[in-house]
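I have placed the structure first, in the form of structure tokens, so that the comments after it can refer back to it.
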């Protein structure tokens, strides 16, 4: 009892320090977003004003331009949406049963399989671009939705499998055994007993996979083209050798970020849980 | 004992033949032979790691055999899936489905075998009423107390009227008072259902009070099988003796000289002192007269079978006294070995005093010091 009383001033100080550290982090993270947000309402002249102006007459011209004009990014948002949704859907369809098998079934070569799944994550993406390019070129997959989606799967699947394994491992064995004794069989046990308990994990994994694919740039810029041009690539077009159209770029960036921010806020609680899953138990697995 | 109106009691007979189970290189079960009669309440008792839970899981089909066979009602089910065996199990952790209500939990086994909805509804209510949680059907397991969760697990197990009921330390997560109540209720429930029950516990008192028969596991082997009385009265080995009873039997190092027993510097005449040999109660060995010259033995005396005496007997030093009010346990040091004596006396000896104690007539059990096996004279 006395020890808690003794540590109380220390705890308060620690909280203050933590708060300051968090504030600095938020500032560092939020400033570019905030500045981009302001810039998206500026005219190009205000953007380049020196010293930078904080108070200006806001305009919606930039948004009008990136949505309706020649440089409309709406087709690109659609392109992003298609690739991201396809990749996410297929990833989850395969990752959930795969992770369950890896977490639960006794099978031969499980460790080896697990290692190879993980090994695909060890390669630097840049090292894969040229092989991927050549492969897609040979099979006619360059600048097609199926081609790009397939490439996205190559990194989203292992990631999703490894994340989902930790969730499946958290479900007590006995619960599964109880269901087996209740004559549920493997598939119905999975459906009625296991999956409902990893719902949170499925949500988190889906969001992570979606965000990763949505934010992907490197593969999209090299392997895409006029047909498949996600918004990340389209935004890059506002940067050219002669000039960077900061205002338009900012407006496009705000539009591209919108779904990410909405999802992030909506799923905040789940995401934090997802980041700390396995922190207590089996933390080394991922 | 079957309740009136109970539709056809189903109770399986169980036979295990030479069951061997290995986990990697360690052998968990070294060839177990066991028979459980229909309608019996059978306890598997032993310290942790003795193989009792593994044996239960073999019956459930949750473990595969590395040798031997398992029969239910005379049918070899050694390789049958858990769901094919028509057995129900209550797990130590209860293993309730946290996302389902109590009603859905209890209904689950029936839903899985495709019972019609109205039959399920009726059966769920009956099972829930039977274990006294009829008013909690809409709650989720997380909203229940430990005792209520335990009842929910019981209801889920009895709802489809299995032929065999497996219980894996079902009371170990309850507090002491609730455990005593539930123990009696469990026994009543099993009697009223008439179902065969196999019950795993490491609590010997629990096994002694609840079971018709007990199998005692030691290091993956069966040390003794019998009724609680038979095991208490005639433990098959020193290990069993040291495990059974509250507190367990005292085991004093002794030397058997012809007709007298030498414990430390004291000598006791065997005549009328040793538990008379009778009936076959587990493995035992008889010692013939010539062999009886100076054999190293362990003399087993229950705490309640020791009493103070004026002269003769054994010299003992009082280490400390545990007073329970109506009785007391006096912790003694006899010939370098700790021993306990139960005493009802009001005036208890002070710590550090010396006194003389003697075993009551026909109360001393003898075990060979070499392997701990019971010796009948």
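Averaged over the residues of B:156-163, the number of partner chain Cβ atoms lying within 10 Å of the residue Cβ comes to 1. A simple packing score, the average count of other Cβ atoms within 10 Å per residue, orders the peptides B:38-45, B:264-271 as B:38-45, B:264-271, with the highest score first.
Extension gain, residue A:28 to residue A:55: 0.36 nm times the residue separation minus the Cα-Cα distance gives 7.6 nm.
DSSP finds beta bridges in chain B, and of those with both partners inside it, around 75 percent are antiparallel.
Can you grab the distance from the C-alpha centre of region A:149-209 to the C-alpha centre of region B:108-123, Å, no decimals? About 27 Å separates the Cα centre of region A:149-209 from the one of region B:108-123. Expressed as an acute angle from 0 to 90° and rounded to the nearest 10, what is the orientation of the C-alpha long axis of helix A:246-266 relative to the principal long axis of chain A? Around 20 degrees separate the two axes. Between residue A:94 and residue A:82, the modelled labels are 2.1 nm apart [label points 7 Å from Cα along Cα→Cβ].
Taking a ≥ b ≥ c as the square roots of the eigenvalues of the alpha-carbon gyration tensor, region B:69-177 is classed oblate because a/c is 1.5 or more while a/b is no larger than b/c. Tell me, what is the percent relative contact order of region A:2-67, built from C-alpha pairs under 8 Å that lie six or more residues apart? The value is 24 percent.
Among the residues of B:93-100, the average count of other protein chain beta-carbon atoms within 10 Å of the residue beta-carbon is 6. Tell me the angle of helix B:117-130 to the major Cα principal axis of chain B, expressed in degrees between 0 and 90 and rounded to the nearest ten. For B:117-130 against chain B, the angle is about 30 degrees.
For chain B, the Kirkwood hydrodynamic radius from C-alpha pairs, put into Stokes-Einstein at 25 °C and a viscosity of 0.890 mPa s, yields a diffusion coefficient of 106 µm² per second. A prolate overall shape is assigned to region A:2-67, the ratio a/c of its alpha-carbon gyration tensor axes (a ≥ b ≥ c) being 1.5 or greater and a/b exceeding b/c. Using the average count of surrounding beta-carbon atoms within 10 Å as a protection proxy, the listed peptides B:167-178, B:116-127 rank, highest first, as B:167-178, B:116-127. For the segment A:196-208, counting C-beta atoms of other chains within 10 Å of every residue's C-beta and taking the mean gives 1. Scaled against 2.2 N^0.38 Å for its residue count N, the alpha carbon radius of gyration of the protein assembly as shown is 1.40.
Considering every Cα-Cα pair within region B:109-172, what fraction, in whole percent, is farther apart than 19 Å? Don't jump to the answer; show the numbers that get you there.
Numbers: 658 of 2016 pairs.
That fraction is 33 percent.
To test your reading of the geometry: what angle, between 0 and 90 degrees and rounded to tens, separates the Cα axis of helix B:102-112 from the longest principal axis of chain B? It works out to around 70 degrees.
Apply the a/c threshold of 1.5 to the C-alpha gyration tensor of region A:122-181 and tell me whether it is rounded, prolate or oblate. Prolate shape, in that a/c is at least 1.5 and a/b is the bigger ratio. Put a dot 7 Å past the Cα of residue A:241, heading toward its Cβ, do the same for residue A:263, and the two dots end up 3.6 nm apart.
The residues B:205, A:242, when put in order of fewest to most other Cβ atoms within 10 Å, stand as A:242, B:205. Normalising the average separation of contacting C-alpha pairs (under 8 angstrom, six or more residues apart) by the number of residues puts the relative contact order of chain B at 16 percent. Cβ-Cβ distance of residue B:227 and residue B:22, R₀ of 35 Å, FRET efficiency by 1/(1 + (r/R0)^6): the value works out to about 0.65. Note on region A:74-275: semi-axes of the ellipsoid equivalent to its C-alpha gyration tensor, largest first and rounded to whole Å, are 36, 20, 13. Three principal axis extents of region B:102-250 based on alpha-carbon atoms, in descending order, are 57, 29, 26 Å. Note that region A:1-157 shows a convex hull volume over its alpha carbon atoms of 274 Å³ per residue. Normalised by 2.2 N^0.38 Å, where N is the number of residues, the alpha-carbon radius of gyration of region A:225-268 equals 1.39.
Report summary: the helix-based calculation at 222 nm, which adds -39500 (n - 2.57) for every DSSP H run with n ≥ 4 and divides by the residues of chain A, gives -23500 deg cm²/dmol. Among beta bridges identified by DSSP and lying wholly in the protein assembly as shown, the antiparallel ones come to about 75 percent. Look at the alpha carbon pairs under 8 Å that are at least 6 residues apart: their mean separation over the length of chain A gives a relative contact order of 28 percent.
Every number here is computed from the coordinates shown, using simple stated rules; none is lab data. All values reported here derive from a predicted model rather than from experimental measurement. All Cβ positions, glycine included, derive from the backbone under ideal geometry; neighbour counts span all protein chains shown.
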